[in-house]
Amino acid sequence: MSQIIKLSTSDSRKRKGQVLSRIDNEQKMMESGTLGVQRLLMNIALDFMEKHPQMTWEQALFAAQAYCDRTYN
């Protein structure tokens, strides 16, 4: 289970802004053309692999698809 970290108001606003910016960038990538969704999945999978080096490509791609399903569907 993830830990809950108490942030100051300014840190919380900064984090919220970063998250909203990331979501905006992801939506732009999805709408960028026929390969937009594939590019987004690959980028997210690579992010997962950077954060969790033990992940295989298949696991990271599955996690990326789950993230996109949960976030955008």
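All of Ser10, Ser32 fail the test of being assigned to a loop (DSSP other than H, G, I, E, B) and either in contact with an Asp or Glu (Cβ under 8 Å, 6 or more places away or on another chain) or not β-branched (Val, Ile, Thr) (or both), apart from Ser32. Within the range 41-59, being surrounded by 12 or more Cβ atoms within 10 Å (Cβ to Cβ) and assigned to a helix (DSSP H, G or I) holds for Leu41, Met42, Asn43, Ile44, Ala45, Leu46, Asp47, Phe48, Met49, Trp57, Gln59. Is it the case, given these coordinates, that Ala60 is under 11 Å from the mean Cα position of the chain (by Cα) and among the small types (Gly, Ala, Ser)? So Ala60 fails the test. As a summary of the residue check, Thr9 satisfies the conditions (1) more than 12 Å from the chain's Cα centre (by Cα); (2) at pLDDT 85 or above; (3) exposed (fewer than 12 other Cβ atoms within 10 Å of the Cβ) except for the one numbered (2). With respect to Glu50, determine if the residue is modelled with pLDDT of 95 or more and among the acidic types (Asp, Glu). Yes: the conditions hold for Glu50.
Run down Gln27, Gln18, Gln38 and say which single residue is surrounded by 14 or more Cβ atoms within 10 Å (Cβ to Cβ) and either assigned to a helix (DSSP H, G or I) or touching an Asp or Glu at 6+ places or on another chain (Cβ under 8 Å) (or both). The unique qualifying residue is Gln27. Every listed requirement among (1) in a loop (DSSP other than H, G, I, E, B); (2) surrounded by 12 or more Cβ atoms within 10 Å (Cβ to Cβ) is met by Ile4 save one, (2).
The values are calculated or read from the model by the stated rules, or taken from the named source; none is laboratory data. Note that the structure is predicted; figures quoted are calculated from it, not measured. Positions of Cβ are backbone-derived with ideal geometry, glycine not excepted, and every protein chain shown enters the neighbour counts.
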